[in-house]
Every structure is written in C-alpha cells, then in structure tokens.
1. Using a 1.4 Å probe and counting only protein heavy atoms, arrange 48, 94, 116 so the residue with the most accessible area comes first.
2. With a point put 7 Å past each Cα toward its Cβ, work out how far residue 29 is from residue 80 in nm, to one decimal.
3. Rounded to the nearest 0.05, what FRET efficiency do residue 19 and residue 41 have when you use their Cβ-Cβ distance and R0 = 25 Å?
4. Suppose every Lys and Arg Cβ carries +1 and every Asp and Glu Cβ carries -1, with no other charges. What dipole size does the range 19-112 come out with about its Cα centre, to the nearest 20 debye?
5. Suppose a student asked you for the relative contact order of the range 19-112, using Cα pairs under 8 Å spaced at least 6 residues apart; what percent would you report?
6. Quick one: give the max-minus-min coordinate of the C-alpha atoms of the range 19-112 along each principal axis, largest first, in Å.
Amino acid sequence: MPGRERRVRSGRQLEHPPAEEIRVETVMHALADPVRLRIVRELARGHDDMACIAFELPVSKSTSTHHFRVLREAGVIRQYYEGTSRMSCLRTEDLGARMPGLLEAVLRAAHIAEGDAAGGSAASDSAGGSPDGAAAGVSPSGPAS
C-alpha cells in the first residue's frame, strides 16, 4: 500500500547534514575512532547498504548506536529505515564533492596500518609497486616537493 509506506517513512526520518554543511573537522573527528573507522571500512568494501546489526562490533548496542550517530551527524554515512532495520551507506559522492580524495586517503592509510600490524603485507600490496608508496590509480594530492 503506497499510503502506508509513506506514513512509515515520514514518521521515521533521520537527520543528516546537507552536503554543503559537511565540515572536514567533523569528518576527521568521526573517522578518528577505531570503531567508527571499522564501520566505514566495512561499508567501503563494496557493500551498498548494510543494516546496523550486520556489523560485528566489539561494543555494546548502545555504544554502537552512538558511533553510527556520530558518523551520520558528521555526514559520513546516510541512514534510513527499511522495515524495522536501520540501514547505513557511505555518502561517497557528498564527501568527494566537499573533500576530494579524503575518504580514499583515510581508507588507504587504514589498510596500510592494518598491514603494518599484521606483518607488513598489506602495506606493500597497497603501495601498488610505486617507489613513493602511492596506491596505483590514485593521483597525488599535491605537487611534488
């Protein structure tokens, strides 16, 4: 029933900042926490939308809810209800328009750090074989010095 669906959606809206109000300080703060970075990495691994319960986080449900709220209010993720599930997806287009390359750089750095912690294999894999350690297919963020 279209009318019923409309009522449910209108009653269960979540607040998100408009793209033009996403601030780099807020995004960096949100991504600085290891649990929140883990959520973002899971979403970036090719999952379009994931229910909050699909993440196996090492925290309580209330703490998990807090982390998702911080990411949503920072503009990193978009959340919506699908039935009784709260679904999450990365706002890659909005973040890319406001802060080109930031999300990719943070995810790449997290991947490299994970490799360092696991013995260094991911660091050499993500370097793409280039002598400066930049990942293949990613342009540098600034002029060479």
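The values are calculated or read from the model by the stated rules, or taken from the named source; none is laboratory data. Fair warning: this is a prediction, and the values are worked out from it, not measured in the lab. When we count neighbours, we look across all protein chains shown, and the Cβ atoms used for this are built from the backbone with ideal geometry, even at glycine. These accessible areas exclude ligands, DNA and RNA; they are computed on the full protein's heavy atoms, side chains included. Shrake-Rupley method; radii C 1.70, N 1.55, O 1.52, S 1.80 Å.
1. The ordering from most to least exposed comes out as 48, 116, 94.
2. The answer from the label model is 2.8 nm.
3. Efficiency, rounded to the nearest 0.05: 0.70.
4. It works out to roughly 240 debye.
5. Reported relative contact order: 32 percent.
6. So the extents along the principal axes, rounded to whole Å, are 33, 28, 23.
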